[in-house]
Structures are given as C-alpha cells and as structure tokens.
1. Given a 1.4 angstrom probe, what's the average accessible area per residue across region 78-161, in square angstrom?
2. Within region 16-95, which GluC sites (Glu not before Pro) sit in a loop by DSSP and count at most 16 neighbouring Cβ atoms inside 10 Å?
3. Zone of Leu67 (label point 7 Å along Cα→Cβ, backbone N under 12 Å): which residues in region 164-181?
4. Find, among the trypsin sites (Lys or Arg not before Pro) in region 346-421, those assigned to loop by DSSP (not H, G, I, E, B) with at most 13 other beta-carbon atoms within 10 angstrom.
5. Go through Phe164, Gln188, Trp93 and say which Cα lies farthest out towards the positive end of the charge dipole of region 83-204; charges sit on Cβ, +1 for Lys and Arg, -1 for Asp and Glu.
6. Using r as the Cβ-Cβ distance of Leu263 and Ala305, and R0 as 25 Å, what FRET efficiency do you calculate, to the nearest 0.05?
7. Could you state the principal axis extents of the C-alpha atoms in region 1-73, from the largest down, to the nearest angstrom?
8. Going from most exposed to least, what order do Ile367, Ile176 have by accessible area with a 1.4 Å probe?
Amino acid sequence: MKFRSLLVFSMLLRVFLIVYGEWQDAHMEVRYTDVDYIVFSDAASLMASGESPYKRTTYRYSPLLALLLTPNSFFHRSWGKFLFSASDLLVGWFIHKILKQRKVPEKICTYSVMVWLFNPFTFTIGTRGNCEPIVCAMILWIILCLMQGNLLQAAFWYGLVVHFRVYPIIYALPIILVLDTQVFRSGQKPALLYWNTGQAKTPASNMERKTFLFNLLTTLKSLFSRERIMFALISGGVFLACNAVSFYFYGQEFLHEALLYHLTRTDPRHNFSIYFYHIYLHYERQFSAVEKLISFLPQFTVQFALVFCFSQDLVFCIFLQTVAFVTFNKVITAQYFVWFYCLLPLILPWSHMKLKWEGLLCIIMWIGAQTHWLLWGYMLEFKGVNVFLPLWIASLLFLAANTFVLVRIIQRHRFSPLFRRYESSSSSNNVTKED
C-alpha cells in the first residue's frame with residue numbers, strides 16, 4: 001500500500017470514529033469523548049465569551065489550547081477532535097518525511113508509519129479529544145527543521161511547544177549538545193547520516209563510547225557557539241513572550257495553573273506512578289521541599305545519563321528521555337504514553353530487535369503489566385474494594401516492565417548519529433556524501 005493511500009485510509013478511519021463517538025455519547029452510558037475534551041471545550045467557551053479559561057476547574061493548560069478550540073462554541077462541538085486528528089495524521093506524514101530524508105527504504109518507512117497511524121491507542125486519543133497529537137506534531141517538526149538546518153524555525157517552535165506543554169523542556173540539553181560547530185556551520189545545511197551507514201556496527205561499542213567522551217569534551221570547550229546562543233535566545237525569547245502575554249491577560253491564574261502546578265503536582269488519586277501510594281498516605285500534610293526534590297532525583301539522574309550517552313543520536317536520545325521521564329514521573333496517566341509513541345517509528349529502522357520472539361516478549365510484558373495494574377484499578381474505582389497495596393505493587397511491576405523494555409531497546413539499537421561531523425575546519429566543504 002502506498003503512503004498516500006495509508007493517509008487517506010487513516011483519515012477515513014478517524015472521521016468514522018469521531019462520528020461514532022458523537023452517537024455513543026448520545027446513546028450510551030459510557031461516553032466515547034475524553035473528559036479532558038469537555039474541560040477544553042468549557043475553557044474555550046469561557047474564552048470566546050471574554051472570560052478567563054482558568055475559571056474552568058482543572059483546566060491547566062496554555063491559553064493557546066483554549067484559543068484553538070473556540071470554534072467549538074460557534075461552529076461545532078467536534079471541531080477540536082478534527083483538529084487533534086488532523087495533527088495525528090500530520091505526525092504520520094512527518095514520520096515518513098524524516099525517515100525518507102535519512103534514506104530509509106520505502107517498505108520499512110511504510111511499516112514504521114503504520115506503527116503510528118494504526119496503533120489503536122494513537123488513533124483513539126485524538127478522536128476522543130486529547131490534545132497530545134498537536135504536541136507530537138510540533139516536536140517532529142522541530143526535528144525536521146534541525147535536519148534541514150533551519151535553526152530559526154526549530155528555535156521558534158521549540159519555545160512555543162515548551163510553553164504549550166512543559167515536558168519538552170527535557171529535550172533542551174540534547175538539542176544544545178547536537179548544535180556543534182562540527183555539524184552546523186553558517187550558510188551550510190548539516191550533512192545527515194543515512195540509514196545504510198555503518199550497517200555492520202554493533203550498538204554502543206567501546207569506540208563509540210570513546211567518541212561520546214571526546215564529543216562531550218569538545219562540546220564543553222565550544223559551549224557558547226553562535227548556533228547554540230542563537231537557539232537559546234530565540235527559543236527562550238518565544239517561551240518568555242508567550243508566558244508574558246498569557247500572564248498579561250490572565251495573571252496569577254495562568255502562572256499557577258499552567259506552569260507552577262505541574263512542578264509541584266501531588267496527585268493522591270491512583271495512577272501508574274510508584275509515588276501515588278506514598279502521596280495518598282501523606283496527602284493531608286504538606287510535603288517538604290526535600291521530599292519533593294527526592295522524587296525528582298531519579299528522573300534527573302536518568303535524564304543526564306541518557307543525554308550524555310546518546311545525544312548525538314538525537315532522535316533515539318529524546319525517545320529514551322521521554323520513556324524514562326514518563327516511567328519515573330510522580331504522576332503517570334495513559335495519555336502520557338503517546339509522548340513516546342510518536343518517536344518509536346523513528347527508531348525502529350535502526351533496531352536489531354526481531355518481532356519474533358524478543359519483540360513480542362517486550363510487547364507482552366509491557367501490555368501485561370499495564371493490564372495487571374488496570375485490573376486492580378478497576379477493583380478500586382468501580383467496585384470500591386480497598387486494594388491500594390496490591391495496586392502499588394502493580395505500579396512497581398509496571399516500573400520493572402518499563403525498565404526491562406527500555407534496556408532491551410538500548411541493547412538492540414544500532415547507534416547512528418543524526419548528523420555527520422566535519423573532520424576539520426579546513427575540510428568543511430569536502431564532506432563525504434553516502435548513498
């Protein structure tokens with residue numbers, strides 16, 4: 001099947017699900033529409049009437065999201081679902097474009113795109129009214145801009161996406177590290193390393209690790225390069241400008257709900273995180289600054305380790321970062337999984353893992369641990385049975401499954417830097433091109 005046919009079929013599938021969702025909402029007790037979409041729509045309705053979107057309880061997003069959904073009030077209540085689903089399709093198109101630019105064969109490109117377009121989780125999340133596909137599309141567009149050497153656009157969109165959704169701030173360090181003077185040079189498009197480069201290499205060999213250390217030392221020496229300063233100033237400026245405008249219109253409400261809340265969030269409700277049980281037991285008292293810091297420590301440690309090991313393989317690095325960030329987060333909900341689902345197709349062509357049987361084992365372990373947790377969650381939420389301790393144990397098992405799968409992915413990955421490095425300043429115009 002051609003890529004264009006895949007896109008058309010995916011579009012028709014999503015339109016059908018949106019229409020079906022309207023019918024289910026009207027005729028069945030269990031609604032198809034995500035509860036978050038109702039929150040978004042209410043906030044957009046408030047904005048359309050000239051009021052603050054933060055008057056809607058639990059709206060903790062950028063005002064830009066409410067602005068995008070204002071047509072829900074005067075056009076159709078499903079406008080946002082079509083917008084999110086269009087972003088979902090755009091992610092599929094970006095995945096195909098990124099892989100083709102790296103000379104991945106068409107057949108592998110098609111299979112990789114199908115992992116996104118026909119994943120039941122991804123094609124339902126947009127049609128149910130979740131905004132994450134917009135964030136995924138912006139992140140992939142930033143990667144494309146970097147691959148094309150368009151730092152101005154990449155910096156602009158990076159500042160915007162961090163304002164829109166705070167978590168992409170974790171990608172700042174690997175992006176800064178990859179903006180090396182041996183990769184990005186004024187007036188020149190960076191040279192990409194293609195899929196068929198270094199097919200015989202084993203992932204993370206000793207030579208590559210030595211190269212990482214050398215690159216790290218080189219990076220530290222040339223930390224304040226023109227490209228890095230420009231990217232930091234533009235992305236930081238866009239981020240601050242968006243926040244300043246939002247603060248001007250909505251004041252402390254915006255600052256607390258859209259930014260500070262996500263840094264200090266302590267959710268006592270059950271979720272996949274291993275921290276939920278501790279938070280539930282001690283929710284009535286205030287957590288000290290030390291306790292809050294300790295909960296971030298595993299995240300920061302793993303993030304820095306991954307960045308300094310894999311930053312030159314940029315796409316793989318941010319995939320690992322995202323999985324680790326979600327795995328060790330204080331709050332984990334199912335919608336967070338889409339953050340790394342959009343990056344998974346971009347690393348599959350470089351994986352030595354076979355679907356039979358190792359790949360199936362990883363899939364079964366991950367889905368099995370998640371299903372096991374959901375069974376206990378069902379007993380607690382719908383049956384009212386006190387199963388907090390078994391649910392916490394299920395969270396530990398889910399953490400173990402995530403860690404196991406992550407380690408296997410790293411072990412089976414063929415390390416491939418995104419960009420080719422110039423050998424020396426004197427040979428800047430003599431970069432060898434590989435087919």
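The values are calculated or read from the model by the stated rules, or taken from the named source; none is laboratory data. This is a predicted model, so every value here is computed, not measured. When we count neighbours, we look across all protein chains shown, and the Cβ atoms used for this are built from the backbone with ideal geometry, even at glycine. To get the accessible areas, we keep the full protein, side chains included, count just its heavy atoms, and leave off ligands, DNA and RNA. Shrake-Rupley method; radii C 1.70, N 1.55, O 1.52, S 1.80 Å.
1. 31
2. Numbers: sites: Glu22, Glu29, Glu51; in loops: Glu29, Glu51.
Qualifying residues, ordered by number: Glu29, Glu51.
3. Flagged as within label range: 164.
4. For trypsin sites (Lys or Arg not before Pro) across region 346-421 that sit outside H, G, I, E and B with at most 13 neighbouring Cβ atoms in 10 Å, the list reads Lys354, Lys383.
5. So the residue we want is Gln188.
6. 0.70
7. Result, largest extent first: 48, 31, 19 Å.
8. Ile367, Ile176
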